[in-house]
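The values are calculated or read from the model by the stated rules, or taken from the named source; none is laboratory data. None of these values were measured; they are calculated from a predicted model. Cβ atoms come from the backbone with ideal geometry, glycine included; neighbour counts cover every protein chain shown. Ligands, DNA and RNA are stripped out before the accessible areas are found, and what is left, the full protein with its side chains, is counted by its heavy atoms. Shrake-Rupley method; radii C 1.70, N 1.55, O 1.52, S 1.80 Å.
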Amino acid sequence: MASLPKRIIKETERLVTDPVPGITAEPHDDNLRYFKVTIEGPAGSPYENGLFHLELYLPDDYPMEAPKVRFLTKIYHPNIDRLGRICLDILKTNWSPALQIRTVLLSVQALLASPNPNDPLANDVAEDWIKNETGAKAKAKEWTSLYAKKE
Amino acid sequence: MSKIPRSFRLLEELENGEKGLGPESCSYGLTDADDNTMTNWNGTILGPPHSNHENRIYSLAIECGPNYPDEPPKVKFISKVNLPCVDQTTGEVIVEDFHTLRDWKRSYTMQTVLLDLRKEMATATNKKLPQPKEGSTF
């Protein structure tokens, strides 16, 4: 296996020794650039009490290129589509090599706390969110209890 | 080179397919846009010119299993076609008879498979094979 850049080793170590509250990230044994991730739904959001599974991959050009992140758990959110793809500026145009795995995951957690229906990825969800926020949040809460149950 | 995991690889293929970056002679997409395992795909091949396939559009079903792209996808013609590498009762592409699946490499994509099948249709012997009625299915 190709040797892992020092930066990735350091980031991985710190994720284990100094974990971010509400977030876990652990590399697969057979691919140290590929992480199993969980994020707890932020308190006060419709995702509260949910545990969301994600996957994260550091491409060859990381950190020049952003990590790839995807939700595995079904979630009702205007910036996350049916395949779990996330619309988040720092994963696309606003990526900077100064950012890290932990900052990315914190941003994803923040996106759960404050959805942005004006920059949607899931258009139908965003429309629902704008027209009927109370109903959309109720649905997000319902999906959380259906699909994001803690073990 | 590191190994891109199955899901991110399939998302890349999906985006390339949606953007239409691929050649116009073939296309592919997810069968069910809600399937987050991204297992079942449909593909089309436009029959190559100067052959009995000219102007025909062939539909295919592609199944990317849990070990894709370490293992090749399962490929099956939905439109009837007469080719030596295609099982004439089921429409399945026979792995041993189609080099792209038999000598599969991780770097190959669904696009590789569709384009190579199209080349197969255009070989000197295959382009003259009599073809079933257009629009018939397996």
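With a probe of 1.4 Å, find how much accessible area segment A:1-146 has per residue, and write the answer as a whole number in Å².
I get 51 Å² per residue for segment A:1-146.
With everything on Cα atoms, drop me the angle between helix B:6-19 and the longest principal axis of chain B, reported from 0 to 90° to the nearest 10.
Roughly 60 degrees, rounded to the nearest 10.
Just in segment B:39-138: which GluC sites (Glu not before Pro) are loop by DSSP and have at most 16 other Cβ atoms within 10 Å?
B:54, B:134
Taking θ as phi - 60°, what are the ³J(HN,Hα) couplings along segment B:95-103 by the Karplus curve (6.51, -1.76, 1.60), each to the nearest whole Hz, with x for Gly and Pro?
The phi angles translate into 3, 5, 9, 10, 4, 5, 7, 5, 9 Hz.
Given the C-alpha centroids of segment A:91-151 and segment B:47-77, what is the distance between them in whole angstrom?
Segment A:91-151 and segment B:47-77 have Cα centres separated by 36 Å.
If you place +1 on the Cβ of every Lys and Arg and -1 on the Cβ of every Asp and Glu, how big does the dipole about the Cα centre of chain A come out, in debye to the nearest 20?
Using only the charged Cβ atoms, the result is roughly 80 debye.
For a quick check of your reading of the filter: which trypsin sites (Lys or Arg not before Pro) in segment B:66-138 sit in a DSSP loop and have no more than 16 other Cβ atoms within 10 Å?
B:105, B:106, B:133
Using a probe of 1.4 angstrom, how much of the accessible area of segment B:59-138 is carbon and sulfur, in percent?
Solvent-exposed carbon and sulfur of segment B:59-138 make up 52 percent of the total.
Sticking with the crude label model, points 7 Å out along Cα→Cβ, report the distance from residue B:12 to residue A:60 in nm, one decimal please.
0.8
Could you state the angle between the C-alpha long axis of helix B:110-121 and the longest principal axis of the C-alpha atoms of chain B, as a value from 0 to 90 degrees rounded to the nearest 10?
It works out to around 10 degrees.
Evaluate peptide A:69-78: per residue, the Cβ atoms of other protein chains within 10 Å of its Cβ; return the mean as an integer.
For this peptide, the per-residue mean of nearby foreign Cβ atoms is 1.
If you put +1 on each Lys and Arg Cβ and -1 on each Asp and Glu Cβ, how big is the dipole of segment B:6-122 around its Cα centre, in Debye rounded to 20?
Using only the charged Cβ atoms, the result is roughly 240 debye.
What value, in deg cm²/dmol to 500, does the helix sum -39500 (n - 2.57) over DSSP H runs of n ≥ 4 give at 222 nm once divided by the residues of chain B?
For chain B, the value works out to -6500 deg cm²/dmol.
For chain A, which whole-number percentage of the solvent-accessible area (1.4 Å probe, protein heavy atoms only) is attributable to carbon and sulfur atoms?
51
Once you average over the residues of B:5-17, how many Cβ atoms of partner chains fall within 10 Å of each Cβ?
That average works out to 3.
Within segment A:15-76, report the GluC sites (Glu not before Pro) that DSSP leaves as loop and that have at most 15 other Cβ atoms within 10 Å.
Passing both the DSSP loop test and the Cβ count: A:48, A:65.
Keeping all protein chains in position, work out how much accessible area residue A:64 exposes to a 1.4 Å probe, and write it in Å² to the nearest 10.
In the full protein context, residue A:64 sits at about 140 Å².
Can you give me the accessible area per residue for chain B, using a 1.4 Å probe, in Å²?
Accessible surface, normalised per residue, equals 52 Å².
Span-like helices, chain A: DSSP H, alpha-carbon axial extent 20 Å or more, mean Kyte-Doolittle -1.0 or greater, which ones?
A:133-147
Could you tell me which of the pairs A:36/B:105; A:68/B:19; A:6/A:36; A:6/A:68 are separated by over 22 angstrom between their Cα atoms in the structure shown?
Violating the 22 Å Cα-Cα cut-off are A:36/B:105.
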